[in-house]
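One structure below.
The values are calculated or read from the model by the stated rules, or taken from the named source; none is laboratory data. All figures in this text were calculated on a predicted structure; none of them were measured in a lab. FYI the Cβ positions are ideal-geometry reconstructions off the backbone, even for glycines, and counts take in every protein chain you see. When the accessible area is computed, the model is the full protein with side chains, heavy atoms only, and any ligands, DNA or RNA have been set aside. Shrake-Rupley method; radii C 1.70, N 1.55, O 1.52, S 1.80 Å.
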Amino acid sequence: MHTAKVVTTTLLILALIGCKEKPSELSGAYTVSGCVYYQGDIVPSASIVLDSRSDLATLSNSTGRFALTNVPGGTHTLDIEKTNADGSFLAKSSQISVENDIDLQSLLLPRAVTLSIPQTATASSVLLAWSSTDASDFREYKLYRHTTSGLDEHSGTLVHVSTAIDDTSFVDTLVSPLTRYYYRTYVLNDYGHLGGSNIVSVVTPNLNLVPDGGFEDSTALSSNWIITNMTGLNAQVSITRTEAYSGLSSLHFSAQNRDTVPYVGSRLTLL
């Protein structure tokens, strides 16, 4: 009887020691590791978060690698994000199944989207263009506008949505003259953000109600004005660079004096 009790006690102790040596098998806590790449290069200081939990978050190291420990078994959402110096960011969200320790060898971030500084802007429109992403799970581009640089999806106004990966331009016609606008493009898949572009700004020019009101174009007078001589006293209208309020030119009117009454004068009519 005593010998059987000793054997049973010894087996129990060995079982307990074995459990302590393999805590992941007992608790279902595993390690998820991997390496983050962009366009073939490693990505340091990328943010890695599992299920939006602060206790399952880390940064990739100088070699692009990371490791999350004490990950429970099951299906999880893995979010990776890298923010660049110009404010743009790259992101990838994916589902992973954890049943043991896993190493995700190559986590590829999608190609960044760069919004070009607008080169074509009028008093009533702005042409926007951005580079395309290469994400295989692309769903849509969203273009936002705001009047301050604090631009995101909450503060900005959504002005354009495109579901075609090669549709990378848009003309914003809901703008006002002499106003600074800020723009940003976001890229999304079914899980959320794939990235966000840099922020660009443009000032729309003032609306000129008078064609060539500064008279800088020497042909503007004959093209945009009808001049009627009402006096018959050699009234003349021309563009001169002798005097100018702004720019280099001005409208010059000359006529002979007339002492008789009534004085009719001359009239200029804009087309």
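For the reader, a short list of remarks on this structure follows.
- Binned Cα-Cα distances of segment 70-111, short to long, each 5 Å bin given as a whole percent: 5, 18, 25, 21, 14, 10, 6, 2
- Sorting the segments 114-124, 141-151 by their residues' average number of neighbouring beta-carbon atoms within 10 angstrom, most packed first, yields 141-151, 114-124.
- Spatial separation of Cα centroids for segment 59-96 and segment 160-219, in angstrom: 33
- Residue 137 long-range amide H proximity, modeled H, under 5 Å: none
- Rounded to the nearest 10 Å², the accessible area of residue 184 at probe 1.4 Å: 20
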